[in-house]
Amino acid sequence: MAAMAGSRSMAALALLVLASPALPASLAVTSPYVRPPPRATLSLPRDDDADGQTPQQVHISMVGPDKVRVSWITDDDAPATVDYGTSAGQYPFSATGNTTTYSYVLYHSGNIHDAVIGPLQPSTTYYYRCSSNPSRELSFLTPPAALPFKFVIIGDLGQTGWTASTLKHIAAADYDMLLLPGDLSYANFVQSRWDSYGRLVEPQASARPWMVTQGNHEVEKMPLVEPTPFKAYNARWRMPYDAGAVPSGDNLYYSFDVAGGAVHVLMLGSYTDYAAGSAQLRWLRADLAALDRGKAAFVVALVHAPWYNSNDAHQGEGDAMRDAMEALLYGARVDAVFAGHVHAYERFKRVYAGKEDPCAPVYVTIGDGGNREGLADKYIDPQPTISAFREASFGHGRLEVVNATHALWTWHRNDDDEPVVADQVWINSLAANPACNRSKKMM
């Protein structure tokens, strides 16, 4: 019976591959879609019925294979405690973490709490409450311990009407984890916007793990007045930089595994040092050297500034990082690289050193989550041959790693508030490609 089910599953996969509307590798497309106008920044005030100890801005992230970090804010002092269990209203387990605050010019944050809970069972719904506060019960679903695994990927999210549309589309279909390659809140020095952003994303970010890296809008450095960069980002969005096989020691770049190690994810820092001799480059080299591609069927990387870009916006801004790191990713046979920064969508073919290469990563720009600066709708003409599809629209992407050899990438355009599949392609694992592995070497 199991063999029959497996045969049916593989047959279904084969049919899906054949039926996929993925674009032919030789076809380059610039979409003629006419985008709707931009939308205003949302205003999400604090709940007037909540007291100073009511948890708000709750979000979760993974820590290793079976633990979750819960982060939240209270206006007043409250314990950094998370009570949790697998039945609503029953919390047989508890963990206590840390509390911090920060000040920025005249702004003073609330109490920022985080606690790591676990070990947790995979594919299990957990109910939890923060600061032992009985007024709010939340729940999340842990990711599966094996393939298939479903990612949502969005960049440059912001907090506009289009952001709300994107979040609605994300919530409409199930997924296991969200990846965000920088530019979260677009606070742009106004710290209260970090609070409104936390309230906006909480319904999704408290229910599935959100793994993020920084963009240029997270820097928020002002000479003399606020000389420390990433102050709000590091305080509010702590990632598992001190976990994993090769800890990075820096919240601005890290890596982690999902699906029992079948997928390795690199979260790289475009706005911290990546040059020769830098801590980030040394860490990346060590992380990739420790990879077992016999176990890690897929490796994906996230950066903020794209390394390949045929949009007029932000031309060349990722080139220095590409020069420093591209050979390392190519040598490790990284399967895909996702970027933000450019407020549009673009998918490239497999590219190395500016040329199509069957053993190189697929590059995708997905900086179209809903930011308040609008879309970048001017492209270089003619479209470069290495660019497969491009369109200036808001939307989100989904990467479903189906098995050890195939992952399905789909980009959903926000088309008059409806998610419409506008681009789709199968990505084959380079680890499963004998031709690529015969020539593989770390560079």
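Across all Cα pairs in segment 106-245, the calculated P(r) in 10 Å bins from zero up to the longest distance comes to 9, 38, 37, 14, 2 percent per bin. Calculated [222 nm] ellipticity per residue, helices only, for the chain: -5500 deg cm²/dmol; basis is -39500 (n - 2.57) per DSSP H run with n ≥ 4, divided by all residues, nearest 500. If you fit an axis through the alpha-carbon atoms of helix 279-289 and take the longest principal axis of the Cα set of the chain, what angle between them do you get, 0 to 90°, nearest 10? With rounding to tens, the tilt is 60 degrees.
Computed from the C-beta positions of Gln121 and Asp381, the FRET efficiency with R₀ = 51 Å rounds to 0.45.
Any chance you could give the angle, 0 to 90 degrees and rounded to 10, that helix 2-19 forms with the longest Cα principal axis of the chain? Tilt relative to the chain: about 70 degrees. Need one number: the % of Cα-Cα pairs in segment 329-443 sitting beyond the 19 Å mark. Result: 50 percent of Cα pairs exceed 19 Å.
Taking all protein chains in place and a 1.4 Å probe, what share, in percent, of the accessible surface of the chain do carbon and sulfur account for? Mind showing how you got there, number by number?
On the way: 9660 of 17550 Å².
The C+S portion of the solvent-accessible surface of the chain is 55 percent.
How high is the FRET efficiency from Thr100 to Gln315, r the C-beta distance, R0 41 Å, rounded to 0.05? It would help to have the intermediate numbers written out before the result.
Values: r = 39 Å, r/R0 = 0.94.
Using R0 = 41 Å, I get an efficiency of 0.60.
Please report the equivalent ellipsoid semi-axes of the chain, computed as sqrt(5 x eigenvalue) of the Cα gyration tensor, largest first, in whole Å.
Numbers: eigenvalues 218, 132, 99 Å².
Here the semi-axes work out to 33, 26, 22 Å.
Coupling constants for segment 63-79 follow from the phi torsions by the Karplus curve (6.51 cos²θ - 1.76 cosθ + 1.60, θ = phi - 60°), and in residue order they are 10, x, x, 9, 10, 10, 8, 9, 10, 7, 10, 10, 6, 10, 4, 7, x Hz; glycine and proline get x. P(r) for segment 212-355, from all Cα pairs and a bin width of 5 Å, is 2, 9, 19, 22, 21, 15, 8, 3, 1, 0, 0 %, short bins first. Taking a sphere under 9 Å around the Cβ of Gly369 and counting the other residues whose Cβ falls inside, with K and R at +1 and D and E at -1, yields a net charge of -3.
Residues whose amide H falls under 5 Å from that of Tyr352, counting only those 5 or more places apart or on a different chain, are Asp357, with hydrogens built in the peptide plane.
Set the Förster radius R0 to 41 Å, insert the Cβ-Cβ distance between Ala50 and Leu224 as r into 1/(1 + (r/R0)^6), and round the FRET efficiency to 0.05. Let's see the in-between values first.
Numbers: r = 37 Å, r/R0 = 0.89.
After rounding to 0.05, the efficiency reads 0.65.
Pairs of Cα atoms nearer than 8 Å and 6+ residues apart set the relative contact order; for the chain it is 17 percent.
One decimal place: the segment Lys168-Asp292 gains 40.9 nm when fully extended, by the rule 0.36 nm per residue minus the C-alpha distance. Heavy atoms of the protein chains alone define the surface here; on that basis the chain has 40 Å² accessible area per residue at 1.4 Å probe size. Remark on Gly85: its backbone amide H falls under 5 Å from those of Tyr127, a criterion applied only to residues 5 or more positions apart or on other chains, H modelled at 1.01 Å from N. Taking the chain as a Gaussian network of alpha-carbon nodes connected by springs under 10 Å, the highest mean-square fluctuation of the residues His314, His108, His59 belongs to His108. Sorted largest first, the principal axis extents computed over the alpha-carbon atoms of segment 51-100 equal 31, 25, 16 Å.
Against the main long axis of the alpha-carbon atoms of the chain, helix 192-205 sits at an angle near 70°.
Along the chain, counting only chymotrypsin sites (Phe, Trp or Tyr not before Pro) with a DSSP assignment other than H, G, I, E or B and at most 16 other Cβ atoms inside a 10 Å radius, the longest segment between sites is 190-443. Checking the cross-link pairs Lys67/Lys349; Lys168/Lys295; Lys355/Lys378; Lys150/Lys355; Lys231/Lys378 against a 28 Å limit on the alpha carbon distance flags Lys67/Lys349; Lys168/Lys295; Lys150/Lys355; Lys231/Lys378 as lying beyond it.
May I ask you to work out the translational diffusion coefficient for segment 50-142 at 10 °C, viscosity 1.306 mPa s, via Stokes-Einstein with Rh from the Kirkwood sum over Cα pairs, reported in whole µm²/s?
118 µm²/s
Fully extending the segment from Asp66 to Glu418, taken as 0.36 nm per residue of separation minus the present Cα-Cα distance, adds 123.2 nm.
The values are calculated or read from the model by the stated rules, or taken from the named source; none is laboratory data. Remember, it's a predicted structure, so these values are computed and weren't measured experimentally. Methodologically, a virtual Cβ is constructed for each residue, glycine included, from the backbone with ideal geometry; neighbour enumeration extends over all protein chains shown. The area values use the complete protein model at the heavy-atom level, side chains included, leaving out ligands, DNA and RNA. Shrake-Rupley method; radii C 1.70, N 1.55, O 1.52, S 1.80 Å.
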